[in-house]
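*Asks:* Structure in C-alpha cells, see below.
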Amino acid sequence: MHRLRTAFLSSASILRCAGGAGGASAPSFAVFELRALYSDAAAQHSARKKKSLSIPGVKHIVAVASGKGGVGKSTVATNLAVALSNIKNESGANLKVGILDADVYGPSIPTMLNLSGYPEVTEQKKMVPLENLNLKSMSIGYFADPKKAFIWRGPMVMSVLEQMMREVEWGNLDVLLIDLPPGTGDAQLTITQRVTLAGECPSSPLD
C-alpha cells in the first residue's frame, strides 16, 4: 500500500505538470500506472490473505458451533471426528482427522478423548497433538489445572487460538474439526476470520 500511495502522489504530479504544459496524453499514462500498481498491490494482499487462511498440511477445516452451551456440541464434534476417521479415502486408507478444542472457556475434548498431560514440543517449537481413537487433538485443557480457575481476556483468547491453530504439528490431515465455544464472541470471530472453513455443523438442543 505504501508503493500504491507513492505511485499515486507521483502520478498526481505528472497530471499537474501535464496540465500546466497542456499535454493530453499524461492523464492516460497516469491512470494506466495507477491501475497496474493497484492490481499488483491487490494480488499481493490476496496472496498474503490466502496464506494466512490456511493451516499447513490440513486439507479441510470444519467448525462445530452452537448458540448456547450444554447442547452436546463437543459430543457431536467428537463423534463426527471418530466417524470421519473410519471413512476410507481413494487409496483405501482411513482419513486422517484432527480435532481442535477452541472452547477455551470450558474445554471438553480432553474428557471426551480420555486424554491428559502436557503436549511435547518439537525442535521447531511446535506442540505435538495428543492422540487417541486415531484422532489428533489439541486443547487448552491439556495445559490448565482442572481444579483451578483462570481468567481469559479478549487478546489472550485470540493469541491462544492462533497458537493452537498454527503452532501445532498437525502433520497431514484430511479434516480438522474445530469445537467452537458456545455463542458468538472473540473466539468464534477469530476462527472464522483466520481460517477458511470447508463447512459448519450447528448443534442445537432437542425439544
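The values are calculated or read from the model by the stated rules, or taken from the named source; none is laboratory data. What you see is a predicted model, and the numbers here were worked out from it, not measured in a lab. Glycine gets a Cβ as well: all are built from the backbone with ideal geometry, and neighbour counts include every protein chain shown. Heads up: the accessible areas ignore ligands, DNA and RNA and are worked out on the full protein's heavy atoms, side chains in. Shrake-Rupley method; radii C 1.70, N 1.55, O 1.52, S 1.80 Å.
*Asks:* For residues in the range 174-194 being surrounded by fewer than 21 Cβ atoms within 10 Å (Cβ to Cβ) and in contact with a strand residue (DSSP E or B) (Cβ under 6 Å, 6 or more places away or on another chain), which is nearest to GLY72 (Cα to Cα)?
*Replies:* Our first condition is that a residue be surrounded by fewer than 21 Cβ atoms within 10 Å (Cβ to Cβ); within the range 174-194, this holds for 174, 182-186, 188-190, 192-194.
If we keep only those that are in contact with a strand residue (DSSP E or B) (Cβ under 6 Å, 6 or more places away or on another chain) as well, we get 174, 182.
Numbers: ASP174: 24, PRO182: 10 Å.
Going through the qualifying residues, I end up with PRO182.
*Asks:* Go through (1) at pLDDT below 80; (2) surrounded by fewer than 16 Cβ atoms within 10 Å (Cβ to Cβ); (3) in a helix (DSSP H, G or I) for SER159 and report which single condition fails.
*Replies:* (1)
*Asks:* On to the next question. Here is a list of conditions, (1) of a type in the set (Ser, Thr, Tyr); (2) touching a Ser or Thr at 6+ places or on another chain (Cβ under 9 Å); (3) within 17 Å of TRP170 (Cα to Cα), and THR122 meets all of them except one; can you say which number that is?
*Replies:* (2)
*Asks:* Consider only pairs whose beta carbons are under 7 Å apart and that are at least six residues apart or on different chains; among these, list those whose first residue lies in the range 105-120 and is among the polar types (S, T, N, Q) and whose second residue is modelled with pLDDT of 95 or more and open to solvent by 30 Å² or more (accessible area, probe 1.4 Å).
*Replies:* So the pair list comes out as ASN114/ASN132.
*Asks:* Of the residues PRO129, PRO107, which is touching an Asp or Glu at 6+ places or on another chain (Cβ under 8 Å), open to solvent by less than 80 Å² (accessible area, probe 1.4 Å), farther than 19 Å from ALA65 by Cβ and not hydroxyl-bearing (Ser, Thr, Tyr)? Give the steps one after another, and end with the answer.
*Replies:* Working: PRO107 fails: farther than 19 Å from ALA65 by Cβ.
Testing whether each residue is touching an Asp or Glu at 6+ places or on another chain (Cβ under 8 Å), open to solvent by less than 80 Å² (accessible area, probe 1.4 Å), farther than 19 Å from ALA65 by Cβ and not hydroxyl-bearing (Ser, Thr, Tyr) leaves just PRO129.
*Asks:* Being assigned to a helix (DSSP H, G or I) and under 24 Å from THR196 (Cβ atoms) is the filter here; which residues of the range 138-156 pass it?
*Replies:* To start, the set of residues in the range 138-156 that are assigned to a helix (DSSP H, G or I) comprises 140-142, 154-156.
Those that are assigned to a helix (DSSP H, G or I) and under 24 Å from THR196 (Cβ atoms): ILE140, GLY154, PRO155.
*Asks:* Can I ask one more? Within the range 164-193, can you find the residues that are assigned to a helix (DSSP H, G or I), of a type in the set (S, T, N, Q) and touching a residue at least 12 places away in the same chain (Cβ under 8 Å)? Step through it out loud before you land on a result.
*Replies:* Let us first name the residues in the range 164-193 that are assigned to a helix (DSSP H, G or I), namely 164-166, 186-193.
With of a type in the set (S, T, N, Q) added as a condition, the list becomes 188, 190, 192-193.
Matches in the range 164-193: GLN188, THR190, THR192.
*Asks:* Please identify the pairs in which a residue from the range 54-69 that is in a strand (DSSP E or B) has its Cβ atom under 8 Å from the Cβ atom of a residue that is open to solvent by 20 Å² or more (accessible area, probe 1.4 Å) and β-branched (Val, Ile, Thr), counting only partners at least 6 apart or on another chain.
*Replies:* ILE61/THR196; ALA63/THR192; VAL64/VAL76
*Asks:* Okay, next question. Restricting to the range 139-194, count the residues that are touching a Lys or Arg at 6+ places or on another chain (Cβ under 7 Å) and among the aromatic types (Phe, Trp, Tyr).
*Replies:* 1
*Asks:* Among what's in the range 162-173 and is under 17 Å from TYR118 (Cα atoms) and open to solvent by 10 Å² or more (accessible area, probe 1.4 Å), pick the residue that is modelled with the lowest pLDDT. Break it down stepwise before answering.
*Replies:* Of the range 162-173, the ones under 17 Å from TYR118 (Cα atoms) are 163-165, 167-170.
When the remaining residues are screened for being open to solvent by 10 Å² or more (accessible area, probe 1.4 Å), the result is 163, 167, 169.
Values: GLN163: 88, GLU167: 92, GLU169: 95.
If we take residues in the range 162-173 being under 17 Å from TYR118 (Cα atoms) and open to solvent by 10 Å² or more (accessible area, probe 1.4 Å), then GLN163 is modelled with the lowest pLDDT.
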